[in-house]
Amino acid sequence: MLSDALPGSPPSVRLVSASFWPAAGSPLGHLLALRQRLLQSAQARGVRLAVLHRAQWLVLWIEGTAGAVESAWQRIQRDPELEASRILHRSEGPGWLSEPVHIAAISRREEPLQLARQLAALADQPHAEVEPSRLWQQLAAPAAVEPCRTVVLASAQEHDGIDLLRQVAHAHGSAVAYQRFAGADPAQIDSGAAYTDILAGCGCCTRLHVLSRRCLGHALVRDGLREVSDVMLLLGSRAASAARLAESLLPLLAERGGAVRVHLAGREAAGLAEVEGLLRAQGAASAILPCLAGTPDEEARALSQALAAPARAPGERCLLWDRAGVALAA
């Protein structure tokens, strides 16, 4: 759990740095190939490490003792493949990283120079003003307008969630950002996610974030969902896959303290009732809202209901609009 510092963790030095990394080929593939070496190095030196690739820049978040973190920073500065290295954050406090190595990458419409300017501004701000976890999320899932709420969409079938997100993004003229995540175990494949930010009729921004089941297993990914208000599960037609998807949601619900509404879209009544029963038995959601959705259009309508913002006043809801000015949710 990373919505708070790790319980009982000793004080650590927390350092976040950024370096320009014009790597040839696939940067994520290169990082995944380095996982075993990164893990061995982190364990040998007693540090925990999170690595983010974005627009040819490499962001490294390191936690450990003062000597171990300083040694790691010196190695970064000497690395001939890394250019323009600078510290974005350095502080002492409780540790946040629960895994020895975490790898992330984000792909979005962005030039390296744009990110360089943002990094320069972050390096100039007082380090005490932001926790490293918050800084990481600003870099790993950036937003032009700070979202006031997040809706998570997860599907039991591999591509359904992404297809639906693209449909919503197209309706709003919003860009889609694609993410990949991996843990320390080289035997585990990386997992994918994507998000789009939607402006509502009231001017608020809602983030729709599609996550795979494996993504929900990463504590650092769940930490970026602090503002989640609603989760939509597309259960599909396979009962076993639907149950695994629901089980993967339980850590997020527990970490959010029961403040999340769960919307279930199922293609058959029996599977829908089974997942609803599993979640109700856990008592971790503020509400569970099931509906039968046997077609992609019905799933899209169910998602539209989940995207409708919470009531501002009795009977009042915030509407989402498509590019033609037509309300998509009431």
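The values are calculated or read from the model by the stated rules, or taken from the named source; none is laboratory data. Note that the structure is predicted; figures quoted are calculated from it, not measured. Note: ideal-geometry Cβ built from the backbone for every residue, glycine included; neighbour counts use all protein chains shown. Ligands, DNA and RNA are stripped out before the accessible areas are found, and what is left, the full protein with its side chains, is counted by its heavy atoms. Shrake-Rupley method; radii C 1.70, N 1.55, O 1.52, S 1.80 Å.
Only residues that are within 24 Å of the chain's Cα centre (by Cα) and among the aromatic types (Phe, Trp, Tyr): list them for region 31-83, please.
Scanning region 31-83 gives Trp57, Trp61.
When region 131-140 is examined, which residues are found to be in contact with a His (Cβ under 8 Å, 6 or more places away or on another chain) and either within 21 Å of Ala177 (Cβ to Cβ) or open to solvent by 60 Å² or more (accessible area, probe 1.4 Å) (or both)?
Within region 131-140, Leu135 is the sole residue that qualifies.
So, in region 255-290, exactly how many residues are in a helix (DSSP H, G or I), farther than 20 Å from Arg238 by Cα and open to solvent by less than 60 Å² (accessible area, probe 1.4 Å)?
1
Scan region 105-115 for residues that are out of contact with any Lys or Arg (no Cβ under 7 Å at 6 or more places or on another chain) and closer than 25 Å to Asp223 by Cα and jot them down. Walk me through how you get there before you give the answer.
At the first step, the residues of region 105-115 found to be out of contact with any Lys or Arg (no Cβ under 7 Å at 6 or more places or on another chain) are 107-114.
Residues satisfying the conditions are Ser107, Arg108, Arg109, Glu110.
In this structure, does Ile103 turn out to be at negative phi and either modelled with pLDDT under 90 or within 16 Å of the chain's Cα centre (by Cα) (or both)? Break it down into steps so the answer makes sense when it comes.
Values: at negative phi: yes; either modelled with pLDDT under 90 or within 16 Å of the chain's Cα centre (by Cα) (or both): yes.
Yes, satisfied.
His30: closer than 19 Å to Ser191 by Cα, out of contact with any strand residue (DSSP E or B) (no Cβ under 8 Å at 6 or more places or on another chain) and either surrounded by fewer than 18 Cβ atoms within 10 Å (Cβ to Cβ) or not acidic (Asp, Glu) (or both), yes or no?
Answer is yes for this residue.
Can you confirm whether region 62-83 contains a residue that is open to solvent by 50 Å² or more (accessible area, probe 1.4 Å) and in a strand (DSSP E or B)?
So far as region 62-83 goes, yes, one or more of its residues are open to solvent by 50 Å² or more (accessible area, probe 1.4 Å) and in a strand (DSSP E or B).
Taking into account only those residues within region 128-143 that are of a type in the set (A, V, I, L, M, F, W, C), part of a helix (DSSP H, G or I) and more than 12 Å from the chain's Cα centre (by Cα), which is modelled with the lowest pLDDT?
At the first step, the residues of region 128-143 found to be of a type in the set (A, V, I, L, M, F, W, C) are 128, 130, 135-136, 139-141, 143.
Restricting the remaining residues to those that are part of a helix (DSSP H, G or I) gives 128, 135-136, 139-140.
This time we only want the ones that are more than 12 Å from the chain's Cα centre (by Cα), so: 128, 135.
Values: Ala128: 67, Leu135: 93.
Per the criteria, the residue is Ala128.
Considering only residues that are touching a residue at least 60 places away in the same chain (Cβ under 8 Å) and under 21 Å from the mean Cα position of the chain (by Cα), which ones fall in region 111-121?
Correct list: Leu115, Leu119.
For region 222-240, check the following and say yes or no: at least one residue is part of a loop (DSSP other than H, G, I, E, B), in contact (Cβ under 8 Å) with a residue 12 or more places away in the chain, open to solvent by 30 Å² or more (accessible area, probe 1.4 Å) and of a type in the set (Asp, Glu).
From region 222-240, those part of a loop (DSSP other than H, G, I, E, B) are 224-227, 237-238; that's our starting set.
Then keep just the ones that are in contact (Cβ under 8 Å) with a residue 12 or more places away in the chain; that gives 224-227, 237-238.
From what's left, open to solvent by 30 Å² or more (accessible area, probe 1.4 Å): 224, 226-227, 237-238.
Filter once more, so that each one left must be of a type in the set (Asp, Glu): 227.
Checked region 222-240: at least one residue is part of a loop (DSSP other than H, G, I, E, B), in contact (Cβ under 8 Å) with a residue 12 or more places away in the chain, open to solvent by 30 Å² or more (accessible area, probe 1.4 Å) and of a type in the set (Asp, Glu).
Yes/no per residue for (1) over 18 Å from the mean Cα position of the chain (by Cα); (2) over 23 Å from Gly236 (Cα atoms):
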site: Leu164; (1), (2): no, no
site: Val176; (1), (2): no, yes
site: Gly203; (1), (2): yes, yes
site: His209; (1), (2): no, no
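Can you name the residue in region 186-219 that is at pLDDT below 90, over 30 Å from Arg48 (Cα atoms) and in contact with a strand residue (DSSP E or B) (Cβ under 8 Å, 6 or more places away or on another chain) and is also most open to solvent (accessible area, probe 1.4 Å) among such residues?
Step by step, filter region 186-219, then rank; the result is Leu199.
Among the residues that make up region 142-159, is at least one of them without any contact (Cβ under 8 Å) to a residue 12 or more places away in the chain and surrounded by fewer than 22 Cβ atoms within 10 Å (Cβ to Cβ)? Show your work before the answer.
Residues of region 142-159 without any contact (Cβ under 8 Å) to a residue 12 or more places away in the chain: 159.
Next cut, surrounded by fewer than 22 Cβ atoms within 10 Å (Cβ to Cβ) only: 159.
Checking region 142-159: at least one residue is without any contact (Cβ under 8 Å) to a residue 12 or more places away in the chain and surrounded by fewer than 22 Cβ atoms within 10 Å (Cβ to Cβ).
Among the residues of region 99-114, are any open to solvent by 60 Å² or more (accessible area, probe 1.4 Å) and under 26 Å from Gln188 (Cβ atoms)?
Looking for residues that are open to solvent by 60 Å² or more (accessible area, probe 1.4 Å) and under 26 Å from Gln188 (Cβ atoms), one finds at least one in region 99-114, hence yes.
Checking Ile162 against (1) closer than 15 Å to Val210 by Cα; (2) hydrophobic (A, V, I, L, M, F, W, C); (3) open to solvent by less than 10 Å² (accessible area, probe 1.4 Å), only one condition comes out false. Which one?
The one condition Ile162 does not meet is (3).
Only one of Leu15, Leu39 is open to solvent by less than 40 Å² (accessible area, probe 1.4 Å), farther than 28 Å from Ala121 by Cα and either touching a strand residue (DSSP E or B) at 6+ places or on another chain (Cβ under 6 Å) or not aromatic (Phe, Trp, Tyr) (or both). Can you tell me which?
On the way: Leu15 fails: farther than 28 Å from Ala121 by Cα.
So the residue among Leu15, Leu39 that is open to solvent by less than 40 Å² (accessible area, probe 1.4 Å), farther than 28 Å from Ala121 by Cα and either touching a strand residue (DSSP E or B) at 6+ places or on another chain (Cβ under 6 Å) or not aromatic (Phe, Trp, Tyr) (or both) is Leu39.
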